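The values are calculated or read from the model by the stated rules, or taken from the named source; none is laboratory data. Please read these numbers as outputs of a predicted model, since none were measured by experiment. Methodologically, a virtual Cβ is constructed for each residue, glycine included, from the backbone with ideal geometry; neighbour enumeration extends over all protein chains shown. Areas reflect the complete protein model, heavy atoms only, side chains present, ligands, DNA and RNA absent. Shrake-Rupley method; radii C 1.70, N 1.55, O 1.52, S 1.80 Å.
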Amino acid sequence: MELAGKRVFILVETIYNDLEFWYPYYRLKEAGAAVTVVGSTATTFTGKAGTAVTADAGSEAVAIATYHGLVIPGGYAPDLMRRHPAMVALVRDCFLAGKPLAAI
């Protein structure tokens, strides 16, 4: 497993694109990565197609230093994510640290 021992988080917010969230989520897990779902708060979010996902943590409780990369799924969710300063800070910190950052 090529990502064994790596920690990656996926951002989530209301009206996320279901396929753009779930496909990377399961592929990262299949590759051996530990995946953490991070929302604006640790609550349940509903995707564009109606699929629900519960965030493991809120964005204020996560530190980029303990992760190896970040995935941002599409849909309307990124427009809502940018309204939360803690989520914007996570993306900025990941970029500044030179860690892999994927935006779909």
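What is the sum of charges, Lys and Arg at +1 and Asp and Glu at -1, for the other residues whose Cβ falls under 12 Å from the Cβ of L3? Numbers along the way, then the final one.
Details: positive: K6, R7, R27, K29; negative: E2, E30.
Net charge in that neighbourhood comes out at +2.
Only bridges with both residues in segment 1-87 count here: give the DSSP antiparallel percent, nearest 5. Kindly include the intermediate steps, with their values, before the conclusion.
On the way: 4 of 15 bridges.
Percentage antiparallel, nearest 5: 25.
Quickly estimate the mean residue ellipticity at 222 nm for the chain, helices only: each DSSP H run with n ≥ 4 gives -39500 (n - 2.57), and the total goes over all residues, rounded to 500. It would help to have the intermediate numbers written out before the result.
Values: 3 runs with 30 residues, N = 104.
Value at 222 nm, helices only: -8500 deg cm²/dmol.
With the Cα gyration tensor of the chain giving a ≥ b ≥ c as the square roots of its eigenvalues, does the rule (a/c under 1.5 for rounded; else a/b larger than b/c for prolate; else oblate) give rounded, prolate or oblate? Oblate, because a/c is 1.5 or more while a/b does not exceed b/c. Accessible area of E2 (1.4 Å probe, protein heavy atoms only, ligands and nucleic acids ignored): about 140 Å².
Residues with beta-carbon under 14 Å from that of R82, excluding R82: net charge, scoring Lys, Arg +1 and Asp, Glu -1? Walk me through the numbers before you get to the answer.
Working: positive: R83, R92; negative: E13, D79.
Local charge sum for R82: 0.
The alpha-carbon of K6 sits under 24 angstrom from the alpha-carbons of these lysines, leaving out residues fewer than 8 places away in its chain: K29, K99. On the chain, 59 percent of the accessible area sits on carbon and sulfur atoms, based on a 1.4 Å probe.
Approximating the spin labels as points 7 Å out from Cα along Cα→Cβ, the I15-to-V88 distance works out to 1.9 nm.
Between L96 and A49, the C-beta separation translates, for a Förster distance of 25 Å, into a calculated FRET efficiency of about 0.15.
Note down the net charge around H68, summing +1 for each Lys or Arg and -1 for each Asp or Glu among other residues with Cβ under 11 Å from its Cβ.
On the way: positive: K6, R7, K99; negative: none.
Net charge around H68: +3.
Among the trypsin sites (Lys or Arg not before Pro) within segment 32-86, which fall in a DSSP loop and have no more than 15 other Cβ atoms within 10 Å of their own Cβ? Before the final figure, lay out the partial values.
On the way: sites: K48, R82, R83; in loops: K48, R82, R83.
Passing sites in segment 32-86 are R82, R83.
Close amide-amide hydrogen proximity is noted between A42 and G58, each under 5 Å apart and 5 or more residues distant or on a separate chain (H modeled in the peptide plane; Pro and chain starts excluded). In sequence order, segment 75-87 has phi-based couplings of x, 7, 3, x, 5, 6, 4, 5, 8, 10, x, 5, 6 Hz under the Karplus curve 6.51 cos²θ - 1.76 cosθ + 1.60, θ = phi - 60°, and Gly or Pro positions carry x.
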